[in-house]
Each structure stands twice: as C-alpha cells, then as structure tokens.
1. For region 282-327, which chymotrypsin sites (Phe, Trp or Tyr not before Pro) are in a loop by DSSP, counting at most 10 other Cβ atoms within 10 Å?
2. In debye to the nearest 20, how big a dipole does region 244-346 give about its Cα centre with +1 on each Lys and Arg Cβ and -1 on each Asp and Glu Cβ?
3. If each residue of separation counts as 0.36 nm, what is the full-extension length gain between Ile139 and Arg210 once their alpha-carbon separation is subtracted?
4. Calculate for the chain the 222 nm mean residue ellipticity that helices alone would give, adding -39,500 (n - 2.57) per DSSP H run of length 4 or more and normalising by residue count, nearest 500 deg cm²/dmol.
5. The chain: D in µm²/s via Stokes-Einstein (Kirkwood Rh, Cα pairs, 10 °C, 1.306 mPa s)?
6. Could you size up the charge dipole of region 164-272 around its Cα centre, putting +1 on the beta carbon of Lys and Arg and -1 on that of Asp and Glu, and report it in debye to the nearest 20?
7. Top mean-square fluctuation among Leu214, Leu160, Leu126, Gaussian network model of the chain, C-alpha springs under 10 Å?
8. Given the Cα-Cα distance of Lys155 and Val89 and 0.36 nm per residue of separation, how much length would full extension add, in nm?
Amino acid sequence: MHKEELLQEVNDELYERFNLTVDRGQEPLRIDKFLMSRIERATRNKLQQAINAGLVLVNGKEVRPNYKVKAQDEIILYSDMSPEDAEVVPEDIPLNIVYEDNDLMMINKPAGMVVHPGSGNYSGTLLNGVAYYLKREGITEEELPRFGLVHRIDKNTSGLLLIAKTDKAMSQLAKQFYEHTIRRQYLALVWGDLKNDTGTIVAHIGRHLRSRKLFEAYPDGEHGKEAITHYKVVEKFGYVTLVECVLETGRTHQIRVHMKYIGHPLFNDDTYGGDKIVKGTVFARYKQFVENCFAICPRHALHARTLGFVHPTTGKEMFFEAELPNDMKELIDKWRKYVSQIGNRQ
C-alpha cells in the first residue's frame, strides 16, 4: 500500500492549502478522523469547524463532517496559518470603516497600526478594535469571527484591509485570495529612475537564511515561494519614482522585497535599505532635503490603494479605492516641487 501524497502550498500570507489523494487501499473513514491522522497539529474540533465553513473540498465539492473518505478521493483543505493564537481582547480603537454588511467589513488602515495581536503587540491592533466594534453591535464574544482576517498588510503600510464577519464569508474570500482572483493595487514611492515604464518581477520570496525577521528574493526558485509583482511607472522625480504595483501573488513583504531585488527599494524602508540616500547627489542641501522628506513620511512609502473581489453571498463584483494618506501626499508633492525647482535652475 502506498501512502497518499500530501502537497502543501502557501496561500496568500494567512492561509495554506493541503492537497491529498487518498490511497487506493483506504477503508471508508470519517473525513475529520482521516485528516487528523494526516495533518500535523490538527485537532478534530478545528477540522470540523473548517469543514462546516466550506474550507474542505472533496473532488471539488464541499462536504459535511460525517462524510467518509474513499479510495482515490481528491481532498483540498484550506487551513488558517496565523502564526499567533493570542486572545483578541476588545479595545475601543477608532476604525475607518469604508464599507460594511452582514458578511464583511472593508477598513482603511492607517500607517503605524499593527493588524493582529502577536509577539510584542498584544493590544492596540486593528483586530482589537474590530472585536470591540462588533461586540458593541451586539455580537457576543462566542460569535466573534474566528477567521476574520483573510489577509494582512504591514504595520507601516496604509490602505485597504478586508475582514470577514462569518465563517462562510471567510472561506469564500480565503479561496479568492488563494486563487489570486482578488484585484489589488498598491502605490509606492521607490528610489531611483526605473529603466522601463512597465515590468514584471518574478522571484521566489522566503525568509532570509540568516535573519529570520527578514525576507529575501531568490531568483533561482530553490528557496521560498513563487512571487509575481507587476509594476507601472506613474510619475518620475529623477531620484525617486512613483509606481503602481499589482500583486499576482501575496507573499509577506512582497513589494518591498521585490523592489529591493531590482535595485529600487521603497523610500524610507528601514528594513530593506530605503532609509538612506540610495540615489542622488552628495551635496549637503540635497541631504537635508531627503532628511526632511523622511520626517514628512516616517515609514516606508507604500499604500494599499484598491481592492476588488466577488461578494461571498451576493456574487456581485465589489471594488474599493482609498486615496493616498496625507504623509504620502505631502512627500510626493515635496519631490514634485524639488524636481520642478531643479528644472527651473537649469
């Protein structure tokens, strides 16, 4: 008897997908018991919740917890892979809610706000605020969404974040993120003058081999997971460029790592080398100008501008756009004026 093959694929940051093909000699067995014996650290309760939420497919269809697997069944399990299981304590934190219905919430997150509780950030996060908001709306702690977060953006990235309010919405949205049908567009100010006005960056992204807190691009594909970023130049300022980035995949720090990989780190990205003068002159006046720019936008210049998806209940196309926050607006205006002044002197 050959043991069935288990393939694991990393989903869009917060989910992973397990692909299993049941062995030819498998006797009928409840699917939750079968998966418990095949997936490390899986619990029966969590598996049953996943099955009820529609996160387990057998031969392409959702099943009930009492389904019995049989030989040659093709099973797909979408599993929450949040690195922290910290309790989310409701806290009165202001939220910029762009849209809300019974299934989901769209929030415009400010730069500087951590998305979910984790090591060193157990309070003051966006999810703490969401828990408080939903509790105030009459939803009990037992009813608070277990899987509400279907994707995330970095602490110092501003912009749109999608929250599921029900298990069913979570499962449908998680699948859309995994299948890369979610439409996302970011605006970033990067160092340097890009050679081409449009381009596609293809390089695997994985944890840095020496520093586990960092991520790195691996062009040969031997480490990390596939990552694809499409970019288009929006406006050039000589020493820096405003670019529009569209994600085909959604790896952690993807835009930041990919732009560094092609030699154009994000402006003021203190993790990936953008918090110093990368392009430009050595004159003291220019150095002071850049320092002033860093002060205006004291974080990496990245904004999650648009998010489009299919509504999990109505099936309608939904599309949202969040305008640039003031720090990035002022930063871009400052560079625009600087370039204009240089041009007038020449």
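1. Phe283
2. In debye, rounded to 20, region 244-346 gives about 460.
3. That works out to 21.1 nm of additional length.
4. Per the formula, -7000 deg cm²/dmol.
5. It diffuses with D of about 72 µm²/s by this estimate.
6. That gives region 164-272 a dipole magnitude of about 400 debye.
7. Leu214
8. 21.9 nm
The values are calculated or read from the model by the stated rules, or taken from the named source; none is laboratory data. Quick caveat, the model's predicted, so the values are computed rather than measured. Every residue, glycine among them, receives a Cβ derived from its backbone with ideal geometry; neighbour counts consider all protein chains shown. Side chains included, ligands, DNA and RNA excluded: accessible areas come from the protein's heavy atoms. Shrake-Rupley method; radii C 1.70, N 1.55, O 1.52, S 1.80 Å.
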